[in-house]
Amino acid sequence: MTDGPGIVDAPRIPLREKIRQLRLLFLGKLPGKVAEARDLLSPAGLDATSLERLDHVFHGLKGTAASFGLTDIARISGTAQTIISDFRDSPASPDGGTEALSAGLSDILDRITRFGETALATDEAVPSPAGQAVSLVDAVDERDAGRRVFLCDDDDLVGENLFAQLTCFGYEVVSFSTTEALRTACLRQTPDAVIMDIMFPHGRNAGTEVVATLQREMTAPPPVVFLSSRADFEARLGAVKAGGQAYFTKPVKVTDLVENLDALTDRERPEPYRILVVDDEPEVSRYHGAILEEAGMSVRLLHDPAGIIEVLTEFRPDLVLMDMYMPVCSGRELAQVIRQIPDFLSLPIVYLSNETDKGKQVSALRVGAEGFLTKPIQPDDLISAVAIRAERMRGLRALMVRDGLTGLFNHTFLSQYLSTTLAAAKREAGRVSLAMIDIDHFKMINDTYGHPAGDQVLVALSRLLQQRLRHSDLVGRYGGEEFVVIMSHTGAEDARSIIDSLREDFGRLSFRTGDKSFSCTFSGGVVAFPGIASEHLLETADQALYAAKRAGRNRVFVAAGKVAT
């Protein structure tokens, strides 16, 4: 990387091979790092500045070595940092203290050299094919292709590794190696988030210092995620005081980082609450509807209670706001009708009426209503009462239809949604494609690395699907390690191309558990309607999936079928 802002091109070779080359590059640079540290070890030169620079060298060695699975180098570099910290914190050094410190650190450098030579001897460098090396561009790309993240780390290898994996999740990553270059770029164009190391050669806390500066200089500073080899309270507190929203210790588990970035950079507005207002007086219902719409809610008005079932089914409200007294039926009777329908047993119902008799209000609530509001009601009170109950309904509905681990829609909801989507496609002569995805050798992952590692894989795949597919595509966890994607207005070949691209990117991700890292793949089966009869869509997708498994896994097959009737 350069010292100025630059965009790193996406790697065009498999990530596993790229990481291997980066590991070898680190090992190749290790003798130079050791020599740099030795130059600082002269007893006469062990002043505060030299100790700070030594601490930074060992800090970088520890974080980078851990990222590439070189646990011995990481461990002993951490030991060196502890020795330096203890020496600086001691009230006074006895005669010969600097010589003893220099000798101890020199011994550690000898051991790092031996560990590096051993690791290098077990592997061979593989030259990058022509035109496939990671390259740098000298200017920031002004295209906003996705959520833009500024990454600042003076360690090239850590930066390259993070860049490659974040790109797979759809992030546009702009890399910097100096804090001043990062500051200049942030003042020119605000990113969606900043990821940065805490320690840099020119200062132990240079990362937190530049973030604190940006907090003062920018009107709307971006959220900041700090990276560090330090896990102590002092470092974490410093990050919080500087304005950091998250803190990860190296080596970073990318799935956790992505989950945090997703939350920090979510630019989507939540879907407006859907409120059904039932009142036989059009002017009154329009008044209350206008108040709620002004607050950003989506409102449907119903003046004839006889149409309640049709409107509920089509509008799917988050809450029903109804009058107590209407010519056709009372609010209490209408609430009982609604409660007869299983899909709406938990739908919040709130009465809005002039009724002030407490006995009648309590009687009305006994049929399962959520509350009773008395007319006239202040607009702010109406908005608050409706929003609180609608939000509660959203939360309950999410618990009922989403998988607890991945947050994706569950098997039951998938089946219901597929039926609705296919019915619409039949009416409108539209197209629907369905992809069934299964993680390869998932049982072996659980058996080898443990179930938490398996959960990490499931969450990573779910986030990759959510990030990269269209908002109109529905993604769900069908069961175990199986996922289903439903794509409206999409043909089979287009769907296969999309899923195959996701398959390639998923295979580039690296997962970490303890000091071990691994990667995995998935297989997929794609079907389309029309082409496959709607009632056989899932079954045929499953058959195509297992044909891909039998053919060697890590591939996507399209099922052939007769035209649907």
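Worth a mention:
- For region 419-461, the set of residues classified as in contact with a Leu (Cβ under 8 Å, 6 or more places away or on another chain) and not in a helix (DSSP H, G or I) consists of Val432, Leu434, Met436, Ile437, Asp438, Ile439, listed by residue number.
- Failed condition for Met324, given (1) exposed (fewer than 14 other Cβ atoms within 10 Å of the Cβ); (2) in contact with a Ser or Thr (Cβ under 6 Å, 6 or more places away or on another chain): (1)
- Residues of region 277-302 that turn out to be without any contact (Cβ under 8 Å) to a residue 40 or more places away in the chain and within 11 Å of Leu321 (Cα to Cα), as a count: 6
- Residue match in region 266-275 (condition: among the hydroxyl-bearing types (Ser, Thr, Tyr) and surrounded by 21 or more Cβ atoms within 10 Å (Cβ to Cβ)): yes
- The number of residues in region 452-491 that are small (Gly, Ala, Ser), touching a residue at least 60 places away in the same chain (Cβ under 8 Å) and surrounded by 22 or more Cβ atoms within 10 Å (Cβ to Cβ) comes to 2.
- For the criterion of being of a type outside the set (Ser, Thr, Tyr) and touching a strand residue (DSSP E or B) at 6+ places or on another chain (Cβ under 7 Å), Ile349 passes.
- Neighbours by Cβ (under 9 Å, 6+ apart or cross-chain): first from region 303-314, touching a residue at least 24 places away in the same chain (Cβ under 8 Å); second aromatic (Phe, Trp, Tyr): Leu312/Phe344
- Matching residues in region 279-295 - criterion: being in contact with a helix residue (DSSP H, G or I) (Cβ under 9 Å, 6 or more places away or on another chain) and not in a helix (DSSP H, G or I): Asp279, Asp280, Ala295
- Residue within region 508-521 that is of a type in the set (Lys, Arg) and under 24 Å from Asn410 (Cβ atoms) present: no
- Qualifying residues in region 207-239 (those that are touching a strand residue (DSSP E or B) at 6+ places or on another chain (Cβ under 8 Å) and free of Cβ contacts under 8 Å to residues at least 24 places away in the same chain) - the one surrounded by the fewest Cβ atoms within 10 Å (Cβ to Cβ): Ala231
- Going through (1) out of contact with any Asp or Glu (no Cβ under 7 Å at 6 or more places or on another chain); (2) at pLDDT 85 or above; (3) under 30 Å from Ser517 (Cα atoms) one by one, Gly243 falls short only on (3).
- Summed over region 463-498, residues that are within 18 Å of the chain's Cα centre (by Cα) and of a type outside the set (A, V, I, L, M, F, W, C) total 9.
- In region 93-114, the condition of being more than 18 Å from Pro31 (Cα to Cα), in contact with a Gly (Cβ under 7 Å, 6 or more places away or on another chain) and either modelled with pLDDT under 85 or part of a helix (DSSP H, G or I) (or both) is met by no residue.
- One residue alone among Arg503, Arg427 is modelled with pLDDT under 90 and either on the phi < 0 side of the Ramachandran plot or not assigned by TED's automatic domain parsing to the domain that holds Ala551 (or both), and that residue is Arg427.
- Among the residues of region 192-238, the ones that are over 15 Å from His59 (Cα atoms) and out of contact with any helix residue (DSSP H, G or I) (no Cβ under 6 Å at 6 or more places or on another chain) come to 17 in all.
- Region 296-311, subset of a type in the set (A, V, I, L, M, F, W, C) and part of a strand (DSSP E or B), residue farthest from Ile377 (Cα to Cα): Leu302
- In the set Glu370, Glu428, only one residue is of a type outside the set (Phe, Trp, Tyr), farther than 26 Å from Arg339 by Cβ and over 29 Å from the mean Cα position of the chain (by Cα); that residue is Glu428.
- Filtered residues of region 166-180 (kept if more than 30 Å from Leu469 (Cβ to Cβ) and either in contact with a Ser or Thr (Cβ under 6 Å, 6 or more places away or on another chain) or buried (at least 20 other Cβ atoms within 10 Å of the Cβ) (or both)): Phe176, Ser177, Thr178, Thr179
- In region 500-524, the residues that are of a type in the set (S, T, N, Q) and out of contact with any Ser or Thr (no Cβ under 6 Å at 6 or more places or on another chain): Ser501, Thr513, Thr521, Ser523
The values are calculated or read from the model by the stated rules, or taken from the named source; none is laboratory data. Bear in mind the structure is a predicted one, so any value in this text is a computation, not a measurement. Positions of Cβ are backbone-derived with ideal geometry, glycine not excepted, and every protein chain shown enters the neighbour counts.
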